[in-house]
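Participant: Please see the structure below; I have some questions.
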Amino acid sequence: MSLLFGSEPLQLDLPDAEIVYHPGFFLPDIADDLFKTLRDQTPWQHDKIKVYGQEHFQPRLTALYGNDGKPYTYSNITMQPHPWNLLLQKIKYQVESVAEVSFTTVLLNYYRDGKDSNGWHADDEKELGENPVIASVSLGADRWFHLKHNSLDIKQKILLEHGSLLLMKGTTQHFWKHQIPKTAQPISGRINLTFRVIH
């Protein structure tokens, strides 16, 4: 049985960006199982980051999986990858069938509640290459995904739903930043899987 629901994709009409949103990429019952399994079986870590010279715990938990032991560095954090497990490989193959990219790495983020967040940033680290393709799977609670252009006064937000896939391609990371902001709403946990290619 296919894991895929097959909803119509939505192309965001934004300058200097190529962003496609696939709602219902995974069937609801499959998405439920994926969330529970990843939440309970992932070796989550809670790293510290420096903000204005002071160390703070990141407002989320993370885990990295990938090929050949290649580390990934962002925000002065260097993560060493775990080897792929069968579940993540299965998700990866489904995502690759749509993205038409062979991903080497996935970064998992666990937002435990509305207080957990991810600040404004671009996925533009050198090891990701010139025009990286980022594939983002969302499981669990719906969260708003904010985008803002670096030089034009343009902002956009989209609700990332349970079981959805967001693809960012082309020059998106050069011209746009994105974030998952905090929310005061009483919401449950969300797991985000961001697939990427480390060169």
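The values are calculated or read from the model by the stated rules, or taken from the named source; none is laboratory data. Bear in mind the structure is a predicted one, so any value in this text is a computation, not a measurement. In this analysis, Cβ positions are derived from the backbone assuming ideal geometry, glycine residues included, and neighbour counts consider all displayed protein chains. The protein model used for the area step is the full one, side chains on, heavy atoms only, and it has no ligands, DNA or RNA in it. Shrake-Rupley method; radii C 1.70, N 1.55, O 1.52, S 1.80 Å.
Participant: Restricting to the stretch 177-188, give me the number of residues that are under 15 Å from the mean Cα position of the chain (by Cα) and not aliphatic (A, V, I, L, M).
Facilitator: Result for the stretch 177-188: 4.
Participant: Are any residues in the stretch 172-186 open to solvent by 50 Å² or more (accessible area, probe 1.4 Å) and not basic (Lys, Arg), and if so, which ones?
Facilitator: HIS174, PHE175, ALA184, GLN185, PRO186
Participant: Among the residues of the stretch 62-104, write down those that are assigned to a helix (DSSP H, G or I) and touching a strand residue (DSSP E or B) at 6+ places or on another chain (Cβ under 6 Å).
Facilitator: Those that are assigned to a helix (DSSP H, G or I) and touching a strand residue (DSSP E or B) at 6+ places or on another chain (Cβ under 6 Å): LEU88, VAL95, ALA99.
Participant: So which of PHE145, PHE195 ends up being open to solvent by less than 10 Å² (accessible area, probe 1.4 Å), in contact (Cβ under 8 Å) with a residue 24 or more places away in the chain and part of a strand (DSSP E or B)?
Facilitator: The conditions single out PHE195.
Participant: Suppose we keep only residues that are without any contact (Cβ under 8 Å) to a residue 60 or more places away in the chain and not in a strand (DSSP E or B) within the stretch 105-134. Which one would you say is surrounded by the most Cβ atoms within 10 Å (Cβ to Cβ)?
Facilitator: ALA122
Participant: Right, next: Of the conditions (1) open to solvent by 10 Å² or more (accessible area, probe 1.4 Å); (2) within 18 Å of LEU34 (Cβ to Cβ), VAL95 satisfies every one except a single condition; which number is it?
Facilitator: Result: VAL95 passes all but (1).
Participant: Just a yes or no: is a residue in the stretch 38-53 within 21 Å of GLN173 (Cα to Cα), among the hydrophobic types (A, V, I, L, M, F, W, C) and either in contact with a His (Cβ under 8 Å, 6 or more places away or on another chain) or not in a helix (DSSP H, G or I) (or both)?
Facilitator: no
Participant: Say whether the condition of being of a type in the set (A, V, I, L, M), under 24 Å from THR104 (Cα atoms) and in contact (Cβ under 8 Å) with a residue 12 or more places away in the chain is met by at least one residue in the stretch 41-52.
Facilitator: no
Participant: Go through the stretch 149-171 and report how many residues are open to solvent by 60 Å² or more (accessible area, probe 1.4 Å) and free of Cβ contacts under 8 Å to residues at least 40 places away in the same chain.
Facilitator: Adding up the residues that qualify gives 5.
Participant: Which of the residues that make up the stretch 61-97 are under 17 Å from LEU139 (Cβ atoms) and at pLDDT below 95?
Facilitator: Selection gives nothing.
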